[in-house]
Structure formats: structure tokens, C-alpha cells
Amino acid sequence: MKRLYKNTYLVLGTVMVLLLVALAFLVPALSPYGVEQMDMANRFALPGPQHWFGTDNFGRDLLTRLASGAQISLFIGLGTVLVSSVLGIGVGMLAGYFGGWIDAILMRIADIFLAFPAFILALAIIAVLGPGPVNLILALAAVSWTQYARVSRAMTMTERHKDYILAVRSIGVSPLKILLVHILPNISGPLVVLATFGMGTAIVSESGMSFLGLGVQPPTPTWGWSLAYGLKYLRSEPWMSTAAGLAITFAVLAFNLLGDGIRDHLDPSQITRKASRKSIDNAFQSTPSSKQTS
């Protein structure tokens with residue numbers, strides 16, 4: 001427990017993610033303004049006590065709209081991570097455990113996806129499927145599952161030769177049970193870290209798609225669409241785009257810090273490094289006193 005509190009990245013990332021979730025679900029419920037509620041008398045209101053982030057050209061409260069957009073970003077980010085991780089981990093574990101022609105075929109399929117720039121491939125998929133949250137999740141998952149496949153394959157290849165796997169194989173345990181019950185829990189740590197970073201990547205990609213008009217369509221106030229919509233008023237009312245940009249930055253930073261914290265917490269070498277540094281510091285501190293004593 002003490003180690004958790006000493007992990008600054010983990011604590012800070014967790015707090016920021018919780019704040020983001022609170023913004024997404026509490027603000028729209030508690031706000032006195034509706035997401036599409038217009039007030040032409042308060043067009044382009046400056047940020048202040050009544051409208052913390054100001055209003056847009058229709059007098060709509062930007063904080064309420066950004067909170068509603070946070071729900072979309074979290075939904076698409078979580079959906080992308082779930083679909084891509086399930087697909088990628090499944091493919092990687094099958095390739096790493098069985099090897100041979102199964103490994104060759106599955107990894108060549110992964111190489112085909114890796115041959116295309118990720119964002120360009122996602123744009124092409126969206127152009128074929130059409131805009132929308134579900135299609136956006138499928139497009140982003142199609143370009144990100146290869147990361148999970150590579151990591152899970154490499155770790156499965158290492159685990160399958162260990163004694164405990166050889167023992168359960170010798171008593172006739174099925175490959176599916178070995179993969180799900182014995183191997184998956186032992187390789188889950190790095191995959192959780194990868195999924196945490198994947199949330200931030202998915203949020204940025206979703207915002208980029210919406211910025212180009214290929215994401216979730218208006219009137220849904222996504223962050224990317226809000227950023228693009230505010231560009232025409234950037235010189236006179238900069239808070240319209242700045243608020244959306246800060247929201248994207250905050251979300252990505254939150255998940256990246258959380259991923260760094262989880263990685264440090266799950267990495268046993270961090271404990272060894274800290275113990276080594278402490279012993280070295282103690283040695284240097286004791287050296288002058290020992291010389292004075294002599």
C-alpha cells in the first residue's frame with residue numbers, strides 16, 4: 001500500500017481519470033443548461049461564474065457541451081480498447097502458443113495491417129463504412145489490434161516453455177484452458193499498461209476523425225468537432241477552440257500518466273533499482289564518517 005502512495009504517476013493519473021469521468025457524467029446531470037439549450041442573449045459570453053468555459057455563437061454553455069463530448073470520447077476509447085485488445089490478444093496468444101504455420105499466417109496478416117499508416121487506414125475504413133460511433137470503434141480497432149498481438153505473442157512464446165505449462169500439458173489440459181487460465185493471467189500486466197496507453201491514443205484518433213468530419217456527426221458535441229467548429233472564431237472568441245483542445249490534452253495526459261504509474265507498479269525492477277540507489281546513497285553517506293573515525 002505504501003508503494004502505491006509513493007507512485008506519483010499512478011496517484012496523479014488515477015485522480016485525473018476520475019475527474020474526467022466525473023466531468024463526463026456529473027456535469028451534464030447537474031448543469032442548469034441543456035446540451036443544445038440556446039440563449040441568443042448570451043452569445044459569445046466570456047468565461048465566468050455563470051458559464052465557466054463561456055458560450056458559443058448560439059449561447060450554448062461550453063462546459064456542458066464538453067462534458068457531453070467526454071462521454072463520447074470515453075465510450076469510443078473504451079470500445080476501441082476492448083475490441084482491439086480481445087482480437088489482438090487472441091491472435092497473439094494463438095500464434096505464440098502453437099507456432100508453425102499458424103504463427104506464420106497470423107503474423108503475416110498483422111504485417112499487412114502494419115504496412116499501412118494507421119490513421120490513413122482508419123480514414124479509408126471510415127470512408128467505406130460511413131461515420132458513426134460503432135464504425136469509428138471498428139476502424140480504430142482495426143489499426144490498433146496488431147500492438148496487442150505482437151506483445152501477447154512474444155510473452156506467450158516465453159511462457160509456453162516454462163515448467164508449469166509443461167506440467168499442465170503433461171496431464172492433458174486443453175490448449176484453450178492453458179491459454180485462458182494459466183498463460184493469460186501471467187502476461188496480463190504489460191497488456192493492461194498497453195490498454196491504458198491505448199485509451200489516450202483512441203481519444204486523440206477519435207478527435208482527429210471528428211475534426212475532419214468523419215467521426216460522430218453533429219449535433220453531438222464531440223471534442224474534435226468542437227475544436228474544428230471554433231476555428232472560425234479563433235481570433236475573436238478563442239475560448240471556443242481552447243476549451244476543446246485543453247479537454248483533449250487533459251484526457252490524454254491522464255491516461256498516459258495512469259499507464260506510466262501502472263507500468264512502474266507492475267515492474268519488479270523498479271523495486272530493485274530503488275533499493276540499489278538507496279544502498280549506494282547509504283554507502284556514500286557512510287564513507288566520510290568512516291574516514292574521520294579512522
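Considering only the other residues whose Cβ falls under 14 Å of the Cβ of Val168, what net charge follows from Lys and Arg at +1 and Asp and Glu at -1?
Around Val168, the surrounding residues sum to +2.
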If you average the alpha carbon positions of the stretch 226-253 and of the stretch 102-141, how far apart do those two centres end up, in angstrom? 28
Hey, any idea what % of the stretch 1-78's accessible area is carbon plus sulfur with a 1.4 Å probe? 71
Springs between alpha-carbon atoms under 10 Å, Gaussian network over the chain: tell me which of Ala195, Ala104, Ala70 tops the mean-square fluctuations. Ala104
Here are a few candidate values for Rg and Dmax of the Cα atoms in Å: (1) 24.4, 84; (2) 27.2, 107; (3) 19.7, 62. Which one was actually calculated from the structure I just gave you? (1)
Under-5 Å amide H pairs with Gly59, H placed in peptide plane, nonlocal only: Asp39, Phe44
Determine the shape class of the stretch 1-90: with a ≥ b ≥ c the square roots of the Cα gyration tensor eigenvalues, call it rounded for a/c under 1.5, and otherwise prolate if a/b is greater than b/c, oblate otherwise. oblate
Roughly speaking, to the nearest percent, how much of the stretch 80-123's 1.4 Å accessible area is carbon and sulfur? 85
Nearest 500 deg cm²/dmol is fine: what mean residue ellipticity at 222 nm does the chain get from its DSSP H runs of n ≥ 4 alone, each adding -39,500 (n - 2.57), divided by its residue count? -24500 deg cm²/dmol
On average, how much accessible surface per residue is there in the stretch 15-118, in Å², for a 1.4 Å probe, leaving out ligands, DNA and RNA? 51
Cut-off 10 angstrom, C-alpha nodes, Gaussian network model of the chain. Which of Phe116, Phe75, Phe53 fluctuates the most? Phe116
With +1 on each Lys and Arg Cβ and -1 on each Asp and Glu Cβ, and nothing else charged, work out how big the dipole of the stretch 3-89 is about its Cα centre, in Debye to the nearest 20. 360
For the stretch 143-194, the accessible surface attributable to carbon and sulfur atoms (probe 1.4 angstrom, ligands and nucleic acids excluded) amounts in percent to 63
Which residue fluctuates most in the GNM of the chain (Cα springs below 10 Å): Gly96, Gly215, Gly189? Gly189
Can you tell me the FRET efficiency between Asp267 and Ile171 if r is taken as the Cβ-Cβ distance and R0 is 25 Å, rounded to the nearest 0.05? 0.15
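The values are calculated or read from the model by the stated rules, or taken from the named source; none is laboratory data. Every value quoted in this text rests on a predicted model; they were computed, and no experiment measured them. No Cβ is skipped: glycine too gets one built from the backbone with ideal geometry, and neighbour counts run over all protein chains shown. For the accessible areas, the whole protein counts, side chains as well, though only heavy atoms, and no ligand, DNA or RNA atoms are used. Shrake-Rupley method; radii C 1.70, N 1.55, O 1.52, S 1.80 Å.
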